[in-house]
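Peer 1: Pasting a structure below so you can have a look.
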Amino acid sequence: MPRIRLLPPDLANQIAAGEVVERPASVVKELVENALDAGARRIAVAIEFGGKKLIRVEDDGDGMSPEDARLAIERHATSKIATAEDLGGIRTLGFRGEALPSIASVSHFRLRTRARDEVSGTEVRVNGGTVASVREAGAPEGTLVEVADLFYNLPARRKFLKSDAAETTQVSRLVTQLALGYPEVGFTLTSGGRPLVQCPPAAGLRDRFFQLYGERPDLIEVRKEAGGLRVSGFVAALGDQGPVRGPQNVFVNRRIVKDRTIGHAISQAYANATIKERSPEVHLFLEVPATRVDVNVHPTKAEVRFLEQSLVHEVVRRALADALGEGRAPELQFRAVAPASPEPAPRALPNVLAGGTFTSRWAAATSAFARPDRAPGSPAPEAPAVVEGAPQAPASPAGIGADIRPMIPLGQFRDTFIIAIDDEGVSIVDQHVAHERVLFEQVMERLTAGRLESQRMLEPVILQMSAPQRQALVAHADDLDRFGFEVAEFGGDALRLAATPALLDRASAEAALRALAEDLEGLDRGASVEEGLRRIAATTACHAAVKANDPLTLEKMAYILEELRRTAYSSVCPHGRPVVLRLTRREIEKNFQRI
């Protein structure tokens with residue numbers, strides 16, 4: 001008796017359903033994609049008990065004739081491809097003809113549809129893969145699909161479903177993604193009669209984004225065309241101090257995908273600006289010629305394969321890098337706080353700035369803003385628009401800092417923050433992290449030409465470290481040498497430091513090396529050499545930069561501000577801390593009731 005046999009059609013359909021239909025959200029995805037392929041302009045999704053009890057998707061698309069409705073529940077029946085050549089340029093979301101029969105095989109399934117200009121519609125009912133009835137029925141133009149009691153005939157699959165709330169969340173997230181990808185289509189989602197998503201047709205991506213997410217000033221827009229590819233969308237700004245991990249919606253030709261090439265390009269774009277590990281919020285749309293991308297590489301079509309993978313990676317990376325470099329500094333807002341009790345003498349009114357208190361008492365800040373030629377304790381004049389004697393920031397060379405306006409320093413606040421102005425408002429600059437960003441980019445630029453200048457020590461320093469720290473430094477000895485550090489093992493857990501970078505004094509060099517030992521110890525063994533170099537550069541720049549509580553002359557402040565303007569990413573330091581906070585002219589005028 002032969003051991004190999006053909007599986008019954010119903011069992012084959014249930015096996016196929018295991019690949020296509022993982023949970024209620026998978027059903028919603030397949031049905032909504034079919035509606036979009038049918039040219040729908042309005043799609044209504046309704047679920048009950050997270051989609052376990054009922055899923056209903058209704059659209060106003062082209063609908064189907066009676067013959068097409070009967071064929072739609074047959075395996076590998078599709079209107080979207082006809083020949084093998086069609087697989088080389090798929091432009092629809094669906095194309096395999098597996099979704100409807102797979103879903104019908106694991107549920108109580110009802111399809112009601114009417115093609116445009118037809119007098120009547122067709123209703124097909126299927127129970128667990130077996131056709132129960134096909135009849136003529138009254139129906140509006142378009143298609144309605146109801147999926148009841150999902151996995152009722154596969155209890156092993158049903159018990160692996162999450163709670164009703166968890167499954168509802170998955171469906172809501174999916175409908176939000178689909179609505180984001182098709183702004184011209186109206187979407188509604190209800191759960192147990194309660195509306196979760198309501199998006200009327202929008203004029204474009206920006207309007208649809210507002211419908212779904214509201215005002216998001218923490219995101220910056222991305223737009224780039226190169227190599228026949230187009231990238232657009234919104235991504236988290238470098239200065240955003242939100243969650244380290246955010247939602248990432250990536251679309252390729254309006255198809256939701258999870259792609260390692262694009263994911264790596266996103267990570268690298270942020271890593272070029274800061275060594276802070278994060279998975280930023282991203283809503284990215286990539287348009288690729290259909291002949292240069294293969295979507296038939298995953299059972300649920302969640303992955304794609306690019307013909308020119310390196311080109312896609314570079315275009316996406318550069319698109320994000322350009323947008324991040326133009327990102328604006330976070331803006332502060334006043335929130336007036338009334339005095340505890342009225343007093344006859346005039347007093348300064350405290351204001352809260354983005355979580356920190358900034359008291360604008362001019363007399364108390366005289367020393368920070370005083371001109372060098374003004375005697376201490378002398379009366380403070382009215383605040384001038386520009387401090388006399390302050391050096392004017394020169395214009396930036398073409399192509400450098402084109403979107404960052406020159407800032408004119410007024411003075412320091414507590415010898416830690418530079419207070420500066422430009423034509424749009426007042427800026428508060430953390431002098432340490434600003435200088436750190438400047439030095440980091442200068443160090444990385446010099447490394448492209450070879451190595452940093454080094455200075456040998458008259459007497460080598462012996463440093464005692466833990467075994468993991470010592471091993472981390474020894475493993476990166478060649479990289480450290482490029483930065484000017486000369487280290488070697490000295491027996492036991494000791495290291496011999498014979499030379500340091502010229503930009504560090506001895507104390508700073510020792511502190512930097514110890515910090516590097518901890519930083520590199522936590523670096524993944526599989527990390528690239530470039531990542532190790534960036535960490536060393538960030539730590540070196542941090543220890544070489546001016547510190548908090550360091551008094552600066554106006555000339556030094558002007559130098560830091562101008563060099564900051566020349567950097568590619570001026571809004572954050574290499575470790576991810578914000579560099580500049582802005583108080584716009586509009587915010588000031590609004591609080592003085594001038595507008």
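Peer 1: Any idea what diffusion coefficient the range 448-505 gets from Stokes-Einstein, in µm²/s, Kirkwood Rh on alpha carbon pairs, 25 °C, 0.890 mPa s?
Peer 2: Rounded, D is 210 µm²/s.
Peer 1: Another question about this same structure. For the range 224-287, which GluC sites (Glu not before Pro) are in a loop by DSSP, counting at most 14 other Cβ atoms within 10 Å?
Peer 2: Counting only loop positions with at most 14 other Cβ atoms within 10 Å, the GluC sites (Glu not before Pro) in the range 224-287 are 277.
Peer 1: Are there any trypsin sites (Lys or Arg not before Pro) in the range 523-595 that are in a DSSP loop and have at most 13 other Cβ atoms within 10 Å? List them by number.
Peer 2: 525, 547, 594
Peer 1: Another question about this same structure. Alpha carbons only, please: Rg and Dmax for the range 207-285, in angstrom.
Peer 2: Here Rg and the maximum Cα pair distance are 12.6, 34 Å.
Peer 1: A further question follows. Please tell me which of these pairs span more than 18 angstrom C-alpha to C-alpha: 52/301; 162/301; 276/547; 29/258; 224/276; 29/159?
Peer 2: Going by Cα-Cα distance, 52/301; 162/301; 276/547; 224/276; 29/159 fall outside the 18 Å limit.
Peer 1: Residue separation times 0.36 nm, minus the C-alpha to C-alpha distance between residue 502 and residue 584: what's the value?
Peer 2: Contour length minus the Cα-Cα distance gives 25.6 nm.
Peer 1: Restricting to DSSP loop positions (anything but H, G, I, E, B) with no more than 16 other Cβ atoms inside 10 Å of their own Cβ, which trypsin sites (Lys or Arg not before Pro) remain in the range 138-233?
Peer 2: Taking the range 138-233 and a limit of 16 other Cβ atoms within 10 Å, the loop trypsin sites (Lys or Arg not before Pro) found are 159, 162.
Peer 1: Roughly what percent of Cα-Cα pairs across the range 444-595 reach past 25 Å?
Peer 2: Cα-Cα pairs in the range 444-595 separated by more than 25 Å: 41 percent.
Peer 1: Taking a quarter of the surface of the Cα convex hull of the range 153-311, what do you get in nm²?
Peer 2: In nm², the orientation-averaged hull projection of the range 153-311 is 12.1.
Peer 1: Let me ask something else about it. Charges at C-beta only: +1 for Lys and Arg, -1 for Asp and Glu. How large is the resulting dipole of the range 51-158 about its Cα centre, in Debye rounded to 20?
Peer 2: 660 debye
Peer 1: Rg/Rh for the range 248-303 to two decimals, with Rh computed the Kirkwood way over all alpha-carbon pairs. Kindly include the intermediate steps, with their values, before the conclusion.
Peer 2: Numbers: Rg = 12.7 Å, Rh = 12.4 Å.
Rg/Rh: 1.02.
Peer 1: Just the Cα atoms of the range 506-595: what Rg and Dmax do they give in Å?
Peer 2: That works out to 18.3, 58 Å for Rg and Dmax.
Peer 1: Over the range 482-572, what is the mean sequence separation of C-alpha contacts under 8 Å (at least six apart), divided by residue count, expressed as relative contact order in percent?
Peer 2: Reported relative contact order: 20 percent.
Peer 1: May I ask you to compute the full-extension gain from residue 308 to residue 291, defined as 0.36 nm times their residue separation minus their alpha-carbon distance, rounded to one decimal in nm?
Peer 2: 5.0 nm
Peer 1: Accessible area per residue, 1.4 Å probe, Å², for the range 463-563: what's the number?
Peer 2: On the way: 4520 Å² over 101 residues.
Computed with neighbouring chains in place, this is 45 Å² per residue.
Peer 1: Please report, to one decimal in angstroms, the Kirkwood hydrodynamic radius of the range 92-172 built from all distinct Cα-Cα pairs.
Peer 2: The Cα-based Kirkwood calculation yields 14.4 Å.
Peer 1: Another question, then. Give me the distance between the Cα centres of the range 197-230 and the range 471-492, rounded to whole Å.
Peer 2: What the calculation gives is 48 Å, centre to centre.
Peer 1: From the square roots a ≥ b ≥ c of the eigenvalues of the alpha-carbon gyration tensor of the range 411-461, which class results: rounded (a/c under 1.5), prolate (a/b over b/c), or oblate?
Peer 2: In terms of gyration-tensor shape, oblate.
Peer 1: Give me a comma-separated list of calculated 3J(HN,Hα) values for the range 56-68, in order, Karplus coefficients 6.51, -1.76, 1.60 applied at θ = phi - 60°, integers in Hz, x for any Gly or Pro.
Peer 2: With coefficients 6.51, -1.76 and 1.60, one gets 10, 10, 10, 9, 10, x, 5, x, 9, 6, x, 5, 5 Hz.
Peer 1: If you don't mind, another one. On a straight-distance basis, which aspartates and glutamates could pair with residue 53 in a cross-link, Cα separation under 16 angstrom, same-chain partners fewer than 8 positions away excluded?
Peer 2: Reachable aspartates and glutamates: 22, 146, 149, 164, 167.
Peer 1: Hey, got the dipole for the range 159-209? About the Cα centre, +1 on K and R Cβ, -1 on D and E Cβ, debye to the nearest 20?
Peer 2: 140 debye
Peer 1: Let me ask you something else. Expressed as a fraction of 2.2 N^0.38 Å, the rule-of-thumb size for a compact globular protein of N residues, what is the C-alpha radius of gyration of the range 234-329?
Peer 2: The reported ratio for this selection is 1.10.
The values are calculated or read from the model by the stated rules, or taken from the named source; none is laboratory data. Note that the coordinates shown come from a computational prediction; the quantities given were computed from them, not determined experimentally. Counting neighbours? That spans all protein chains shown, and the Cβs are built from the backbone with ideal geometry, glycine included. When the accessible area is computed, the model is the full protein with side chains, heavy atoms only, and any ligands, DNA or RNA have been set aside. Shrake-Rupley method; radii C 1.70, N 1.55, O 1.52, S 1.80 Å.
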